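Let me begin by presenting the structure, written as structure tokens, before commenting on it.
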Amino acid sequence: MCIRDSIKRDSVGSQPGTTGSGASRTPIEHLDGIITPSRLHFERHHSGIPEIDPGQHRLIIHGLVERPLSFSLESLARYQQTSNIQFLECSGNSGAMISPKPLQRKASDLHGLVSCSEWGGIPLKVLLDEAGVKSEGKWIVASGSDAAMMSRSVPIEKILDDAIIATHQNGEPLRPSNGYPMRLFLPGWEGNACVKWLRTIKVTSGPSMTKDETSKYSDLRDDGIAELFTFPMGVKSVITSPSLGLDFAGAGIYQVKGIAWSGSGRIKTVELSADGGNTWAEALLDQHVLPKSLTRFRSAWKWDGGPATIMSRAIDEKGNVQPSRESWFVGRAKNTFYHFNAIQTWGINAAGEVSNVYL
Ligand SMILES: Nc1nc2c(c(=O)[nH]1)N[C@H]1C(S)=C(S)[C@@H](COP(=O)(O)O)O[C@H]1N2
Ligand SMILES: [Mo]
């Protein structure tokens, strides 16, 4: 079998007592570059993948607008189009890292709910300008046509800034699992708000407080208060090679590589440490360093055959620095889970075996 055929997503089945809720993770440790092949893009769906007849599907824009509008896929195709290479990350990505003991899982099992595609579609601003947002219209609520009827509120500033109705992914129409025939795509913002199988956009005067943004996707603080609407994904990096399962075969020169991203803009630097964070050196970034995109970093490293702890730390153009594990927990409730972006450490023992370690 060609090695390529063995590279697959790991699927996570329904929770007991639920139907059709599942996810599959991108095998980040087997990929290079910044684009996730569409067949390997992670997927997360709360109540299955709906089968939608593209000829029947409509996008409705209503609420606080002068002219409510309805669009078919065909009518949307006549509007101004745009495409950008941008990441999509589930806010539950890396949630396994809150475990009190480090879980011995592959990079994809820990961090594989992130992918990066060239997303193509229509700027939502163009459609809202046509509908005419009333002055009281400050938010929208977007709803999907799946059984979960995923619904999320988004401030109008983001919608008018860079939100798109995505119809294409890496040049092809969206795949059914990623929202065919259309989805909301909010560059840099948490994956959950990128409503798939998008059916309605209602302009509102404030957030709608849907189940998907109150009971879930909020960040519980240690004073018992839940912070709502943590939209931009934090600056983050992950070493994908070496990683658990990709062990070293004897002392020598290896390539340490991985991915970095930030919901606030471009990655500025990625630093690497091989001594548990005492000293750091800058990694090389591949040519394409795009805003709100995955960035590929790599560095040659001579492993002397002794125990080592390697870690990466990303810094973005706004000066945000990827936090240590310890500092990430400050102010958060013990069982908080979403938006984990702290530095992760791989330990390498004298046999070259890699494990997930906490320092
Ligand atoms: N309609 C709908 N939209 C949805 C979801 C869903 O279950 N239903 N899941 C959300 C979540 S939690 C994430 S992380 C992203 C995942 O997008 P992907 O499956 O294309 O990777 O879609 C979001 N949009
Ligand atoms: Mo998600």
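Open to solvent by 10 Å² or more (accessible area, probe 1.4 Å) and of a type outside the set (Gly, Ala, Ser): does that describe Asp286? Against the criterion (open to solvent by 10 Å² or more (accessible area, probe 1.4 Å) and of a type outside the set (Gly, Ala, Ser)), Asp286 qualifies. Residue pairs whose Cβ atoms lie under 9 Å apart, separated by 6 or more positions or on different chains, with the first residue in segment 73-97 and free of Cβ contacts under 8 Å to residues at least 12 places away in the same chain and the second within 16 Å of ligand 1 (Cβ to nearest atom) and of a type in the set (Asp, Glu), do not occur.
From the list Trp197, Trp139, the lone residue that is at positive phi and aromatic (Phe, Trp, Tyr) is Trp197. Listed here are the strands (runs of 3 or more DSSP E) enclosed by segment 144-198 that have at least 2 residues being of a type in the set (Ser, Thr, Tyr): 151-155. Screening segment 50-66 for residues that are surrounded by 16 or more Cβ atoms within 10 Å (Cβ to Cβ) and within 16 Å of ligand 1 (Cβ to nearest atom) and picking the one that is nearest to Phe340 (Cα to Cα) gives Pro50. Looking across segment 198-211 at every residue that is within 16 Å of ligand 2 (Cβ to nearest atom) and surrounded by fewer than 21 Cβ atoms within 10 Å (Cβ to Cβ), the one that is modelled with the lowest pLDDT is identified as Lys211.
Name the single residue that is nearest to Glu29 (Cα to Cα) among those in segment 227-270 being in a loop (DSSP other than H, G, I, E, B) and open to solvent by 50 Å² or more (accessible area, probe 1.4 Å). Selected residue: Gly245. When the residues of segment 169-188 are filtered to those that are in contact with an Asp or Glu (Cβ under 9 Å, 6 or more places away or on another chain) and open to solvent by 10 Å² or more (accessible area, probe 1.4 Å), which remaining residue is farthest from ligand 2 (Cβ to nearest atom)? Per the criteria, the residue is Gly171. Of note, Ala166 does not satisfy the criterion of being over 30 Å from Phe329 (Cα atoms), open to solvent by 10 Å² or more (accessible area, probe 1.4 Å) and of a type outside the set (Asp, Glu).
Here Ile52 meets the list (1) closer than 22 Å to Ser151 by Cβ; (2) more than 15 Å from ligand 2 (Cβ to nearest atom); (3) modelled with pLDDT under 95 almost entirely, failing just condition (3). Among the residues of segment 1-20, those identified as part of a loop (DSSP other than H, G, I, E, B) and either at pLDDT below 80 or more than 18 Å from His46 (Cα to Cα) (or both) are Met1, Cys2, Ile7, Lys8, Gly13, Ser14, Gln15, Pro16, Gly17, Thr18, Thr19, Gly20.
Here Gly33 meets each of (1) within 22 Å of Trp346 (Cβ to Cβ); (2) surrounded by 13 or more Cβ atoms within 10 Å (Cβ to Cβ); (3) at pLDDT 95 or above; (4) away from ligand 1 (no atom under 11 Å from the Cβ) with one exception, condition (2). Regarding Ser135, is this residue of a type in the set (Ser, Thr, Tyr) and near ligand 1 (Cβ under 10 Å from one of its atoms)? Criteria not met by Ser135.
Is it the case that Ile164 is of a type in the set (A, V, I, L, M) and free of Cβ contacts under 8 Å to residues at least 12 places away in the same chain? Against the criterion (of a type in the set (A, V, I, L, M) and free of Cβ contacts under 8 Å to residues at least 12 places away in the same chain), Ile164 does not qualify.
Against the list (1) within 29 Å of Asn341 (Cα to Cα); (2) within 15 Å of ligand 1 (Cβ to nearest atom), the condition Pro181 fails is (1).
The values are calculated or read from the model by the stated rules, or taken from the named source; none is laboratory data. No experiment lies behind these values; they were computed from the predicted model shown. Every residue, glycine as well, gets a Cβ built from its backbone with ideal geometry; the counts of neighbours run over all protein chains shown. Surface areas here come from the heavy atoms of the whole protein model, side chains and all, with no ligands, DNA or RNA. Shrake-Rupley method; radii C 1.70, N 1.55, O 1.52, S 1.80 Å.
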